[in-house]
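Take a look at the structure set out below.
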């Protein structure tokens, strides 16, 4: 079953389309990295799923039920734009309000559990406004985690976090997916961090989903290339092209795509009188994939 | 990494949903100084009113009975002096300000998004806010009553009254809290974060100026009881059981109207 299925979702603000027939499929149990430029419609999509925005048209289902189903929505946790905490109240009070809202029975136990997950056990009495940005983000996650959510929607949760904070957030997200069976929809600009945890990706541009891909599939399909420097780069490029290789001259080096056998490559060059002075194997990551996809779309 | 355990989604009943929403609102109400400040203000209003009555100025001698601090002698939609106007109805003016700040903070803090994420049914929000706001205004009515009795005693005014009528007047005004609370909740879900506008509008409507203005045009008629301020005035020291029923009908009907309209708006409008 899919945790989220969106079909033909459209949302406009004063005639400007933020979402233009968006389709999206988030498999249950996945960590879905939602990627796109600023203003591409990521937050709008998330807000529509959470019922904060009213779509112009389209269909949203959560776990096979309409997104307006009270039974499903009570199992959705979200951190969108801000934590939704009262600044003058303590961390504990804010969590208590959410626990009451969700109708949880063992409220203190639940609060202790989520505070432990986000490593904030010692800060429960702290006033929310006195918390650091990283702490506030973690409290937001804790709020979203209350009541055993089946779906977690996080909008840029790692923005503004330091290296340690990012690592902690990564650990938390992997932990809740693995141990609590939660599906996570996470949008972020920090692709390097997303790449470490995401199992699926959705790339959005101008309100349209331009690519959805599983991390494993992307890994399999990711282009590998060998960067090389020789005594005559132009001659090497010509030679490899004639040999049927996909060759590009980029950033002062020769890149030979879809080849990972460096031994065969260097032997071929040497046989033809060219001496490779530097040879390295690379794999195109999420960032390069995203950039190349965006540049193709722009054309 | 993917974990596809079978999930069970239990649809919460209306009562359970409302309990959750009411629980949060009452928790917030009792944990915010705002509520206690307004409770104290409600108790101080009659003291300020009676101080005016004791003075030598224009307001001197505006009360001839201590209970007139609680309600007017008869349903006067057209008021001629402060003595005819200054009574427990003033709780509804301050109640409007309190409700505006209370709901406005929901939107300013962004907490309303947490509520709407987990509560797909928007009517839960309207009903809960109306009940909690009505409760706070009822509390203010009672502290006003206590303040009024102390102020009446301090000014040395006589307490002689028909107990039944007094009880009906107080009960009528307490019942009107529900209608006023629904109006203020409705205004606040229209203006949301801009609670300065909500406060101003609640204040204007709470003072009853539109009804007083209408009364000046069409006369002192009981037809004005269809309005919240009209029925609030109708709960006076000459009230009887019928007056209570009028207050009940007016309050409940407006509460339903505003709750339905408010829910429709919440369903159709984006939450910011």
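Structural remarks
- Inter-chain Cβ neighbour average for residues A:42-54, partner chain, 10 Å: 3
- The protein assembly as shown: radius of gyration over Cα atoms, expressed as a fraction of 2.2 N^0.38 Å: 1.32
- Highest GNM mean-square fluctuation among A:234, A:98, A:127, for chain A modelled with Cα contacts below 10 Å: A:234.
- Counting every pair of alpha carbons in chain A, the share spaced more than 31 Å apart comes to 41 percent.
- Chain B, helix-only ellipticity at 222 nm - DSSP H runs n ≥ 4, -39,500 (n - 2.57), divided by all residues, nearest 500: -23500 deg cm²/dmol
- Potential extension, residue A:253-residue A:113 segment - 0.36 nm per residue separation minus Cα distance: 45.1 nm
- Mean per-residue shielding of peptide A:100-107 is 5, counting Cβ atoms of other chains within 10 Å of each Cβ.
- Cβ crowding within 10 Å, taken as a proxy for footprinting-reagent exposure, orders A:42, A:229, A:57 from fewest neighbours to most as A:57, A:229, A:42.
- Sorted ascending by nearby beta carbons within 10 Å, beginning with the fewest, A:47, B:11 become B:11, A:47.
- Multiplying the residue separation of residue B:216 and residue B:190 by 0.36 nm and subtracting their alpha-carbon distance yields 6.4 nm.
- Inter-label distance for residue A:283 and residue A:23, nm, one decimal - labels placed 7 Å from Cα along Cα-to-Cβ: 2.9 nm
- Shown here is the pair-distance distribution of the stretch A:223-283: with all Cα-Cα distances grouped in 5 Å bins from zero up to the longest one, the shares run 4, 21, 37, 30, 8, 1 percent.
- Listed peptides B:252-261, A:242-251 by packing density, highest first (mean Cβ within 10 Å): B:252-261, A:242-251
- Choice from A:270, A:194, A:152 showing the highest fluctuation, given a GNM over chain A with Cα pairs closer than 10 Å: A:270
- Distance between the 7 Å Cα→Cβ label points at residue A:190 and residue A:125: 3.1 nm.
- Per-pair calculated FRET efficiency, R0 = 60 Å: residue B:149 and residue A:163 via Cβ, rounded to 0.05: 0.40
- Taking every residue in A:84-91 and counting other chain Cβ atoms within 10 Å of its Cβ, the average works out to 5.
- Distance histogram for the stretch B:12-134 (every C-alpha pair counted, 5 angstrom bins, percent rounded to whole numbers): 2, 9, 17, 16, 12, 10, 9, 9, 7, 4, 2, 1, 0
- Rounded tilt (10° steps) of A:262-271 against the dominant C-alpha axis of chain A: 20 degrees
- Mean residue ellipticity at 222 nm, helices only, chain A: -11000 deg cm²/dmol; runs of at least 4 DSSP H residues each add -39,500 (n - 2.57), and the sum is divided by the number of residues.
- Put simply, when B:191-201, A:85-95 are sorted by average Cβ atoms within 10 angstrom per residue, most first, you get A:85-95, B:191-201.
- Most to least packed among B:136-143, B:88-95 [average Cβ atoms within 10 Å]: B:88-95, B:136-143
- Label-to-label distance, residue A:2 versus residue B:108, with points set 7 angstrom from Cα along the beta-carbon direction: 4.2 nm.
- Theoretical FRET efficiency, 1/(1+(r/R0)^6), r = Cβ-Cβ of residue B:13 and residue B:256, R0 30 Å, to 0.05: 0.90
- Computed from the Kirkwood radius of its Cα pairs, the Stokes-Einstein diffusion coefficient for the stretch A:1-106 at 20 °C and 1.002 mPa s stands at 139 µm²/s.
- FRET efficiency estimate (nearest 0.05) - Cβ-Cβ, residue B:44 to residue A:171, R0 51 angstrom: 0.40
Readers should treat all values here as calculations from the given coordinates under stated rules, not as data from a laboratory. Just so it is clear, the model here is predicted, and its values are computed rather than measured. When we count neighbours, we look across all protein chains shown, and the Cβ atoms used for this are built from the backbone with ideal geometry, even at glycine.
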